[in-house]
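**Student:** Have a look at the structure that comes next, please.
We did not get these values from a lab; they are worked out from the coordinates using the rules stated. Everything numeric in this text was worked out from a predicted model, so none of it was measured. Neighbour counts run over all protein chains shown; Cβ positions are idealised from the backbone, glycine included.
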Amino acid sequence: MMGAVILLSGGLDSVVSAYAAREQHPPELALTFDYGQRAAPREIEAALCVAADLGLPHRLVKLPWLGRLAPEAITDPAADLAAATDVGVWVPGRNAVFVSIAAAFAEAFDCQAIVCGFNAEEAAVFPDNSPEFVSRAEGLLELATRNAPRVIAPTLGLTKTEIVQLGIELEAPLHMTWSCYGAGPEHCFECPSCRRLQGALKAAGAWESWSEQRERPATRSEPC
């Protein structure tokens, strides 16, 4: 078994991937990135909750320079989330930056894997979610590190609906996740990410149970 660094944004994909990978790739550290995105406070909150549920140490990495390169739809609180498009929320080089930073931690912590929440649905519009990206990232890490960690994405070939179904099967705490591009207090269900989440939950027959759990904070594991 290979110890792993988990890229944990607190969203659906990263959370389900963490739970899907943990038997073969025991997680040793969760990383969350704050690059000035509007959702950062809620993403961090969700990631902390999930890391606690997994019994993992958590590290927050701040990248203010990346936020200065990101589009306003991601960083400007005044931007209309309902008008956001997939093209309009592209952050230059984001996953390449995240995987590279995770690789540094993986080498330092002697971990042999980096677990990510890449998936088929977003790969259709974001090439840094694709199998080709994973393959080329691993090729880079063979030369960039001494231990050449694998890039593991358990959800790589799955749609959002299939990710929800897998999360339910794994008993992952889907109610703890935060997938909205906004800062809340609740999901907007207007931005592209929220629309994908809502569609997947409904298609999987999990919308009502997810909503009920979100409305009952007392049912969540501490400190959430």
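**Student:** Name the residues whose placed amide hydrogens come within less than 5 Å of the amide hydrogen of ARG150, ignoring near sequence neighbours (fewer than 5 apart) on the same chain.
**Tutor:** Sorted by chain and number, the residues that satisfy this are ALA113, ILE114.
**Student:** Would you pull out the residues with amide H under 5 Å of ASP34's amide H, same chain only if 5 or more places away, H placed 1.01 Å from N?
**Tutor:** VAL61, LYS62, LEU63
**Student:** What ³J(HN,Hα) values, in whole Hz, does the Karplus curve 6.51 cos²θ - 1.76 cosθ + 1.60 give for the range 183-198 when θ = phi - 60°, with x put for Gly and Pro?
**Tutor:** Karplus values, whole Hz, x for Gly and Pro: 9, x, x, 10, 4, 7, 6, 10, 6, x, 5, 5, 5, 5, 4, 4.
**Student:** Between the range 43-93 and the range 1-17, what is the C-alpha centre distance in whole Å?
**Tutor:** Between the Cα centres of the range 43-93 and the range 1-17 lies a distance of 15 Å.
**Student:** Can you run phi through the Karplus equation (6.51, -1.76, 1.60; θ = phi - 60°) for the range 86-99 and list ³J(HN,Hα) in whole Hz, with x for Gly and Pro?
**Tutor:** Working through the residues one at a time gives 4, 5, x, 10, 5, 9, x, x, 4, 5, 5, 5, 4, 5 Hz.
**Student:** Can you list, bin by bin at 5 Å, the percent of alpha carbon pairs in the range 1-123, starting at 0?
**Tutor:** 2, 11, 20, 23, 21, 12, 7, 3, 1, 0
**Student:** Most fluctuating residue of ARG150, ARG214, ARG136 in a GNM of the chain with Cα springs under 10 Å: which is it?
**Tutor:** Of the options given, ARG136 has the highest mean-square fluctuation.
**Student:** Going by a ≥ b ≥ c, the root eigenvalues of the Cα gyration tensor, does the range 117-224 fall in the rounded group (a/c under 1.5), the prolate group (a/b larger than b/c) or the oblate group? Spell out each step's value before the answer.
**Tutor:** Details: a/c = 2.18, a/b = 1.81, b/c = 1.20.
Taking the square roots of the gyration eigenvalues as a ≥ b ≥ c, the range 117-224 is prolate.
**Student:** Size of the dipole of the chain about the Cα centre, Lys and Arg at +1 and Asp and Glu at -1 on the beta carbon, nothing else charged, in debye to 20? Walk me through the numbers on the way to the answer.
**Tutor:** Numbers: 17 positive and 28 negative charges, 57 e Å.
Once rounded to the nearest 20, the dipole reads 280 debye.
**Student:** Something else now. Would you work out the relative contact order for the range 1-125, in percent, from Cα pairs under 8 angstrom that are 6 or more residues apart? Spell out each step's value before the answer.
**Tutor:** Details: 191 pairs, mean separation 44.1, N = 125.
Relative contact order here is 35 percent.
**Student:** Restricting to DSSP loop positions (anything but H, G, I, E, B) with no more than 12 other Cβ atoms inside 10 Å of their own Cβ, which trypsin sites (Lys or Arg not before Pro) remain in the range 171-212?
**Tutor:** Values: sites: ARG195, ARG196, LYS202; in loops: none.
Sites meeting the loop and neighbour criteria: none at all.
**Student:** Relative to the compact globular guide of 2.2 N^0.38 Å, what is the alpha carbon radius of gyration of the chain, as a ratio? Can you show the working numbers first?
**Tutor:** On the way: Rg = 16.3 Å, N = 224, 2.2 N^0.38 = 17.2 Å.
So the chain has a normalised radius of gyration of 0.95.
**Student:** Restricting to DSSP loop positions (anything but H, G, I, E, B) with no more than 14 other Cβ atoms inside 10 Å of their own Cβ, which trypsin sites (Lys or Arg not before Pro) remain in the range 1-73?
**Tutor:** Working: sites: ARG22, ARG38, ARG42, ARG59, LYS62, ARG68; in loops: ARG22, ARG38, ARG68.
Answer by residue number: ARG68.
**Student:** So which chymotrypsin sites (Phe, Trp or Tyr not before Pro) in the range 107-164 are both in a DSSP loop and have at most 16 other Cβ atoms within 10 Å of their Cβ? Don't skip to the answer; put the middle values down first.
**Tutor:** Details: sites: PHE109, PHE118, PHE133; in loops: PHE109, PHE118.
Sites meeting the loop and neighbour criteria: PHE109.
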